[in-house]
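First up is the structure itself, then whatever we jot down about it.
Just so it is clear, none of the values below were taken in a lab; they were calculated from the coordinates. Not measured: the values here are computed from a predicted model. Don't worry about glycine lacking a Cβ; one is built from the backbone with ideal geometry, like all the others, and counts go over all protein chains shown.
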Amino acid sequence: MPLTDDTNALIGILQFTEKLLDHLIARLSPDDNARFSEAWDNETRPNIHQAISTLQNVTDVTDPTWSKLVGAGLTGRSLALKRHYLAQAASDGFIKKFLKFLNGLLKSLISALPGAEPVKELKDYIESFFDDAPEPDSGLITLFNSGGFVPFAAP
């Protein structure tokens, strides 16, 4: 069923994003780690959980959230395209490319889901610490492969 497949894929992307942000924050200097952890744990992480919960409650194509997802290009073939390139960048360890692709997806999610904007903003700030990170990034590859499956059901 396309609705279930698409919402599950988006949930998987958000769950992977949560793990990735945990991982990237852990790689920051102690002072930066403390600042980001406080904001992440107390304010932004609950927003990602809210977005996931909203997606879990979309059970019918008449749901207004589903219509917003369709309008944002986050269903069907458009979502499949985005999932493919996210998975490819993550599995290859291209963190800068992955974060750029994730940025586009999160930007689209903002129009459809409450809670997506703070996640994107925090990711943007964290991303700036990795502008010069060597690639491939073994941490991203390990995180992506840690479950033994593609975390967001790439086609």
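Key figures
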| quantity | calculated |
| --- | --- |
| Ellipticity estimate at 222 nm from DSSP helix runs (n ≥ 4, -39,500 (n - 2.57)) divided over the chain, nearest 500 | -22500 deg cm²/dmol |
| Computed FRET value (nearest 0.05) for N8 with A39, which takes r as the C-beta separation and R₀ as 22 Å | 0.20 |
| Alpha-carbon centroid distance for the pair region 109-153 / region 65-89, whole angstrom | 16 Å |
| Region 69-155 shape via C-alpha gyration tensor axes, a/c threshold 1.5 | oblate |
| Estimated FRET transfer efficiency when R0 is 35 angstrom, pair N57-H84 (beta carbons, to 0.05) | 0.85 |
| Max mean-square fluctuation residue, GNM over the chain, Cα-Cα springs under 10 Å, options A112, A51, A34 | A34 |
| Net dipole in debye of the chain [+1 Lys, Arg Cβ; -1 Asp, Glu Cβ; about Cα centre; nearest 20] | 480 debye |
| Approximate spin-label separation N145-S91, in nm, with each point projected 7 Å along Cα-to-Cβ | 1.1 nm |
| Convex hull per residue volume in Å³, alpha carbons only, for region 4-104 | 95 Å³ |
